[in-house]
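The values are calculated or read from the model by the stated rules, or taken from the named source; none is laboratory data. These numbers come from a predicted model, not from an experiment. Side chains are part of the model used for accessible areas, which takes the heavy atoms of the whole protein and leaves out ligands, DNA and RNA. Shrake-Rupley method; radii C 1.70, N 1.55, O 1.52, S 1.80 Å.
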Amino acid sequence: MIEAITPLLGWLAGVAASQYVAEVDHWIAFALLAGVGSHMTLQAWTRAEDEPRATSLWATVITAIGTSIDAMAVGVSLAFLQVNILVIATAIGATTMLMSSAGPIAGRYVGGRFGRIAETLGGVALFTIGTMILLEHLSAAA
């Protein structure tokens with residue numbers, strides 16, 4: 001649901017003040033995703049193997065915000081195009097819902113079989129997504 005709302009918020013922000021949002025969105029997304037990814041990787045190797053992984057509400061919220069900031073940035077750029085933002089936001093939301101529904105199923109299978117390695121790869125993936133967002137925006141600005 002949030003992935004359908006953030007492009008709308010980005011679109012509204014783009015209409016109101018695009019230069020402010022577009023200038024810092026990549027840094028915020030990078031900081032949040034790199035922080036959560038690093039913490040996730042560290043946690044995978046510092047807790048006991050049989051100890052369940054603690055997933056706090058804050059970690060979930062920060063991850064959601066970090067990944068949604070990029071969707072908001074897309075909404076900002078869509079504000080300058082002649083597009084139907086409701087159709088695009090609905091498509092983004094539906095795709096995200098499908099993928100996030102399949103993710104926990106795959107996570108139970110992979111996590112149960114590969115434990116620390118799967119958690120480490122997840123942390124590295126979040127860090128990499130944040131880095132890719134940052135590099136994409138910095139290279140476009142150059």
Determine ³J(HN,Hα), in whole Hz, for all residues of region 100-106 in sequence, where each value follows from phi through the Karplus function 6.51 cos²θ - 1.76 cosθ + 1.60 and θ = phi - 60°; x replaces Gly and Pro.
6, 6, 6, x, x, 5, 5
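If you roll a 1.4 Å probe over region 93-141 with all protein chains in place, what percent of the accessible area is carbon or sulfur?
Summing carbon and sulfur atoms, their accessible area is 75 percent of the total for region 93-141.
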